[in-house]
Amino acid sequence: MYRPLRLIRLLTLIALAAPLLQGCQPSRPSGNLVVGSRSRIDSVDPAQTYSIGAMQVISALGDTLYTIDKDGRPRPQLATALPRLSADGTRARIPLRAGVLFHDGTRFDAAAMVFTLKRFMAIGKLSYLLGDRVRTVRSTGPLELELELRQPYSPLPQLLSAVNLTPLSPTAYRRLGKGFLNDRFVGTGPYQLSFYSDQQQRLTPFKAYWGRRPANRGIDLVTLSNSTALFGALRSGEIDVLLSTSIEGDQQSALAASARRGELRQGVGPALEIGYLTLLTDRPPFNDQRLRRAVARSLDRRTISERVTRGLRAPLRDLVPPSLPGSDPQAWPDYDPDSARSLYRQAGYCSGRRLTLPLTFRSNIPADRLFALTWQAQLRRDLGDCVHLEVTGMEATTAYRQLGDGNFPMILLDWMGDFPDADNYLTPLLACEKAEGDRCLAGASAASGSFWTAPGLVGEVDRSSRIAGPQRLSLLRDVQRRTAAASPYLPLWLVAPRAWARPHVSQPRFDGSGRLLLRELSLQRGAERGAEEVAR
């Protein structure tokens, strides 16, 4: 099989890093761009997968009813207008775009959209995204979709921008029944999937695409197993574009510095991932609210952000990313060691008695370890007579399995909503189905490891999703201030996606959901001929 020289060098690098690519790989067509990451893609079925890497791939292979623009506003894509709501807000009718084809040549219409949504509600790993909010879906015409909602839901367009809900060809997927199509994708997007393995995916422009065609001849997405291999591959030119989710902090800083010198092109997307601490509120020591409030004031976010991430992760005092409506950037208290000391003293510490703060960090995530050590040193310096931070590492998947068992007095976690709206940040942390006073016995708050609630709080969160406008924004801020006063969670930092491209590639750009716009990547004038010569 023909193998261009450049792809051979890349595969050799991958083979040296780890035994990643197995079997016969396709040759790389001249002009294709190579995008590298550490995201292993186990499936491209939107009902089966939900990893960040898979969502990035699917976002190029499929369209959604709505997209989120760079200013965070929903825009129609396969829909032609925002939903038309009934008087009581429980029925939404959505007009659909005509003349759209699936990759198998069949036509997209309301029946195909109904099939996709019903399939997702029946077998989707994240079926609750739709099922908790939508009762039924049906077509009211060849190009009109109707959703019956369980109750009014104001961020419905944002929900329908979730990549998991991209329409699928009934011809290709209906025969699977309750099974998944993991290694093929038949949607309506600007690219077709022409090759798939868990370590490499090839995207080829779809000639019958209804919208603007990609600016490139195709994309090869490749996975390398470690940050150093990816960093070296970009430096050497073996890959054209590198996604920041793959790279450790020091290497991100080095690439950002290279971009400032004009050696690389850098793109930064909206910061929609939050890092936060969860405190176990129903057992000592954090069943004492004074201690939770003291810890909240013991966190020097600015120093930690600078020392751990070289400022690439902005300090965060809010559970809702500041770019989203309803955020309150100053909801949580800032670093205040004097106030913290006073609260520790009220709880009986600092006068010859130190509180041990047990922190669990995810041992396979470098930034977590650096955070733990940096905070430990900061507390020793500023509040060493009152507290001592005891740190323990645990592999991430093991920690996630134990989170709802209440095994961690304090743990560092992160979260990125499946669609960009405040509801998708507050509900996963604050929802509670069964409570006794301020203790959540069952529901999202228990599953997240805090076990905290407050009388009326769940009703406020629920009501915030049923109203719109200034009233909603005010209620969202009130919910966050009330949560901040109790401090079951401590926001830490905000993570923005970044991508770096070689100088011969256009500057990377992201959509409003934080995904790299692969279709906009292009070889710069004069670079295409050079790329073809390298391939030969």
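The values are calculated or read from the model by the stated rules, or taken from the named source; none is laboratory data. Please read all numbers here as calculations on a predicted model, not as lab measurements. Glycine also receives a Cβ, built like all others from the backbone with ideal geometry; neighbour counts cover every protein chain displayed.
Which helices (runs of 4 or more DSSP H) does the range 104-202 wholly contain that include 3 or more residues that are in contact (Cβ under 8 Å) with a residue 40 or more places away in the chain, among the hydroxyl-bearing types (Ser, Thr, Tyr) and within 25 Å of ARG472 (Cβ to Cβ)?
So the answer is none; nothing clears 3.
Please find, among LEU355, LEU343, the residue that is farther than 26 Å from GLY417 by Cβ, surrounded by fewer than 21 Cβ atoms within 10 Å (Cβ to Cβ) and outside the structural domain of GLN158 (by TED's automatic domain parsing). It would help to see each step written out before you state the result.
Values: LEU343 fails: surrounded by fewer than 21 Cβ atoms within 10 Å (Cβ to Cβ).
On inspection, the qualifying residue turns out to be LEU355.
Take the conditions among the basic types (Lys, Arg) and closer than 18 Å to ASP414 by Cα and apply them to ARG353. Does it pass?
Values: among the basic types (Lys, Arg): yes; closer than 18 Å to ASP414 by Cα: no.
So ARG353 does not fit the description; no.
Among the listed residues ARG341, ARG235, ARG317, ARG290, which satisfies the condition of being outside any loop (DSSP other than H, G, I, E, B) and either free of Cβ contacts under 8 Å to residues at least 12 places away in the same chain or under 19 Å from TRP493 (Cα atoms) (or both)? Give the steps one after another, and end with the answer.
Working: ARG341 fails: either free of Cβ contacts under 8 Å to residues at least 12 places away in the same chain or under 19 Å from TRP493 (Cα atoms) (or both); ARG317 fails: outside any loop (DSSP other than H, G, I, E, B); ARG290 fails: either free of Cβ contacts under 8 Å to residues at least 12 places away in the same chain or under 19 Å from TRP493 (Cα atoms) (or both).
Exactly one of ARG341, ARG235, ARG317, ARG290 is outside any loop (DSSP other than H, G, I, E, B) and either free of Cβ contacts under 8 Å to residues at least 12 places away in the same chain or under 19 Å from TRP493 (Cα atoms) (or both), namely ARG235.
Conditions tested, residue by residue: (1) in contact with a helix residue (DSSP H, G or I) (Cβ under 8 Å, 6 or more places away or on another chain); (2) of a type in the set (Gly, Ala, Ser).
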{"site": "ARG261", "(1), (2)": "no, no"}
{"site": "ARG265", "(1), (2)": "yes, no"}
{"site": "ASN287", "(1), (2)": "no, no"}
{"site": "ASP300", "(1), (2)": "yes, no"}
{"site": "LEU312", "(1), (2)": "yes, no"}
{"site": "GLY326", "(1), (2)": "yes, yes"}
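Tally time: how many residues in the range 144-179 are of a type in the set (A, V, I, L, M) and surrounded by fewer than 18 Cβ atoms within 10 Å (Cβ to Cβ)? Write out each step before concluding.
The first filter runs over the range 144-179 and keeps only residues of a type in the set (A, V, I, L, M), leaving 145, 147, 149, 156, 159-160, 162-163, 165, 168, 172, 176.
Filter once more, so that each one left must be surrounded by fewer than 18 Cβ atoms within 10 Å (Cβ to Cβ): 172, 176.
Counting residues in the range 144-179 that are of a type in the set (A, V, I, L, M) and surrounded by fewer than 18 Cβ atoms within 10 Å (Cβ to Cβ) gives 2.
Is it the case that ALA229 is at pLDDT below 95 and of a type in the set (A, V, I, L, M)? It would help to see each step written out before you state the result.
On the way: at pLDDT below 95: yes; of a type in the set (A, V, I, L, M): yes.
For ALA229, the condition - at pLDDT below 95 and of a type in the set (A, V, I, L, M) - is met.
Being among the charged types (D, E, K, R), within 28 Å of the chain's Cα centre (by Cα), farther than 30 Å from PRO205 by Cβ and not assigned by TED's automatic domain parsing to the domain that holds ALA468 is true for just one of ARG135, ARG93, ARG119, ARG84. Which residue is that?
Values: ARG93 fails: within 28 Å of the chain's Cα centre (by Cα); ARG119 fails: farther than 30 Å from PRO205 by Cβ; ARG84 fails: within 28 Å of the chain's Cα centre (by Cα).
Criteria check complete, one pass: ARG135.
Rundown of residues vs (1) of a type outside the set (A, V, I, L, M); (2) without any contact (Cβ under 8 Å) to a residue 24 or more places away in the chain; (3) crowded, with 20+ Cβ neighbours inside 10 Å, yes/no style:
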site: LEU413; (1), (2), (3): no, no, yes
site: PRO420; (1), (2), (3): yes, no, yes
site: LEU429; (1), (2), (3): no, no, yes
site: LYS434; (1), (2), (3): yes, yes, no
site: GLY437; (1), (2), (3): yes, yes, no
site: GLY443; (1), (2), (3): yes, yes, no
site: GLY449; (1), (2), (3): yes, no, yes
site: TRP452; (1), (2), (3): yes, no, yes
site: ILE467; (1), (2), (3): no, no, no
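Which ones in the range 169-194 are more than 22 Å from LEU65 (Cα to Cα) and in contact with a strand residue (DSSP E or B) (Cβ under 9 Å, 6 or more places away or on another chain)?
Answer for the range 169-194, where residues must be more than 22 Å from LEU65 (Cα to Cα) and in contact with a strand residue (DSSP E or B) (Cβ under 9 Å, 6 or more places away or on another chain): ASN182, ASP183, SER194.
May I ask you to say which residue of ARG290, ARG317 is modelled with pLDDT of 95 or more and surrounded by fewer than 19 Cβ atoms within 10 Å (Cβ to Cβ)?
Details: ARG317 fails: surrounded by fewer than 19 Cβ atoms within 10 Å (Cβ to Cβ).
Among ARG290, ARG317, only ARG290 is modelled with pLDDT of 95 or more and surrounded by fewer than 19 Cβ atoms within 10 Å (Cβ to Cβ).
Quick one: count up the residues across the range 391-407 that are without any contact (Cβ under 8 Å) to a residue 40 or more places away in the chain and either more than 21 Å from SER448 (Cα to Cα) or assigned to a helix (DSSP H, G or I) (or both).
Count: 8.
Of all residues in the range 366-402, how many are hydrophobic (A, V, I, L, M, F, W, C) and surrounded by fewer than 20 Cβ atoms within 10 Å (Cβ to Cβ)?
Restricting attention to the range 366-402, the residues satisfying the condition of being hydrophobic (A, V, I, L, M, F, W, C) are 367, 370-373, 375, 377, 379, 383, 386-387, 389, 391, 394, 396, 399.
So of that shortlist, the ones also surrounded by fewer than 20 Cβ atoms within 10 Å (Cβ to Cβ) come out as 370, 373, 377, 391, 394, 396.
Total meeting the criteria: 6.
Given the options ALA257, ALA208, name the one that is in a loop (DSSP other than H, G, I, E, B) and hydrophobic (A, V, I, L, M, F, W, C). Spell out how you get there, then give the answer.
Working: ALA257 fails: in a loop (DSSP other than H, G, I, E, B).
After ruling out the rest, the residue left standing is ALA208.
Counting only residues that are under 23 Å from the mean Cα position of the chain (by Cα) and either assigned to a helix (DSSP H, G or I) or under 20 Å from CYS386 (Cβ atoms) (or both), how many does the range 264-287 have?
Total meeting the criteria: 2.
For the structure I just gave you, tell me whether ARG362 is touching a Lys or Arg at 6+ places or on another chain (Cβ under 9 Å), in the same structural domain as SER323 (by TED's automatic domain parsing), surrounded by 19 or more Cβ atoms within 10 Å (Cβ to Cβ) and under 26 Å from THR245 (Cα atoms).
Values: touching a Lys or Arg at 6+ places or on another chain (Cβ under 9 Å): yes; in the same structural domain as SER323 (by TED's automatic domain parsing): yes; surrounded by 19 or more Cβ atoms within 10 Å (Cβ to Cβ): yes; under 26 Å from THR245 (Cα atoms): yes.
Considered against the rule, which asks whether it is touching a Lys or Arg at 6+ places or on another chain (Cβ under 9 Å), in the same structural domain as SER323 (by TED's automatic domain parsing), surrounded by 19 or more Cβ atoms within 10 Å (Cβ to Cβ) and under 26 Å from THR245 (Cα atoms), ARG362 comes out as yes.
Taking the criterion of being touching a Lys or Arg at 6+ places or on another chain (Cβ under 6 Å) and over 20 Å from ARG174 (Cβ atoms), would at least one residue in the range 96-107 satisfy it?
no
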